[in-house]
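The values are calculated or read from the model by the stated rules, or taken from the named source; none is laboratory data. Predicted, not measured: the structure shown is a model, and the values here were computed from it. Cβ coordinates were reconstructed from backbone atoms using ideal geometry, including for glycine residues, and neighbour counts include every protein chain displayed.
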Amino acid sequence: MQDTLERQYWVDIAKSIGIYLIVFGHLPTSDFLVNFLWTFHVPLFFFISGFLNKSGSPEAFLKRLTFRLVIPYISIYLTTVLLVVAFGDRFYVATVNTVGEMLFGIFWGSQTYEGFVNVVLWFLPALAIVELIFNLLIQKTKWLYIPFLVTSIYIYQTGNYDLFLSIDLALLGLNYYIIGIYARKYNFVQFFREVSLWILVLVFMVLFAFTLLFAYYGNVWYTGSFYPISLVGGIIGIGMVVSLSVLIERTTKQQNFIIFISSNTLFIFCFHMFSNSFAVELMEKMGFQESVRSSLITALLSILMLIPFIPLTRRFFPQILGVRRKSITTIST
């Protein structure tokens, strides 16, 4: 979820769309919308991470991985423990009794362990595993992808979900990460930039329709009996978001707010479960009833609630987010 290449605005748009849908997906919605979102919104971030992957020596890679994923994972998890201790059951429903039990969750790295206090943090160790597998193994020896794919299919088919360090989700996400790598290498996105706007709109509508079809079938992400269907559905959904993002890039002016949100998806991703609680409570006080429409508004409100904390975190605790002090991004430029 980090920027590692020269900025491309369509990536900012795709990340902003993706993080909004992640926040929205953790609010009350319909079963069909849940299937629709889970078809592609998590695969999208594996894809973007692959697209933004930066090659280099193993030493440079490990240093970058530690700074951008390992340190933020540990720091945000410990921050979450402090918030849970301070605010108690407002944010946490698991049945652990001690801080020690919560701290142990940092080593498990999966929501299977009931002491894992921030369920969305599974993505960070999973992404770290994906990057380790690709950059240290598959990048040098391409055929090593095959045993990882076979293992992923076996785990998927046997229903062994939420394993240690979310290795099951990592292996599934590895597919989308590699697709992101090759999408950049062969410049696949350029097709969306070169076709006429009418064709681009048509492509988006077709991909949107197929994503809806996959959502209706219900075999999405890590649920269902057919691994290929889940994988293809994710690819189509990613294509839908990419085509929409390029369409927006080509028809609108660059917005600093979009760049700001894109630059801070990690913060929003890791802390929106807290802001969601406040946003839902505020919406209820304003008289909004639980519905898909109110959840759409609540998701936006939840993100806006986090914005004041982002510059403060980047200024005083940038290591938490895997950024350096000089890379602070603000809404206005």
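Considering only region 112-119, I want to know if a residue exists there that is over 30 Å from S277 (Cα atoms) and of a type in the set (S, T, Y). No; the residues of region 112-119 include none that is over 30 Å from S277 (Cα atoms) and of a type in the set (S, T, Y). Aromatic (F, W, Y) and either surrounded by fewer than 22 Cβ atoms within 10 Å (Cβ to Cβ) or closer than 15 Å to S16 by Cα (or both): is that true of F260 in this structure? Answer is yes for this residue.
Checked against (1) crowded, with 21+ Cβ neighbours inside 10 Å; (2) assigned to a loop (DSSP other than H, G, I, E, B); (3) acidic (D, E), E131 passes all but condition (2). Note on region 1-59: among residues that are hydroxyl-bearing (S, T, Y) and part of a loop (DSSP other than H, G, I, E, B), the one that is modelled with the lowest pLDDT is T4. Residues that are closer than 24 Å to I129 by Cα number at least 1 in the following helices (runs of 4 or more DSSP H) confined to region 155-259: 167-185, 227-251.
Within region 176-191, the residues that satisfy the criterion of being within 24 Å of S230 (Cα to Cα) and surrounded by 13 or more Cβ atoms within 10 Å (Cβ to Cβ) are Y176, Y177, I178, I179, G180, I181, A183, R184, F188, V189. Look at region 283-301: where a residue is surrounded by 10 or more Cβ atoms within 10 Å (Cβ to Cβ) and a partner is outside any helix (DSSP H, G or I) and of a type in the set (V, I, T), sitting 6+ places away or on another chain with Cβ atoms under 7 Å, you get V292/T29; S295/T29.
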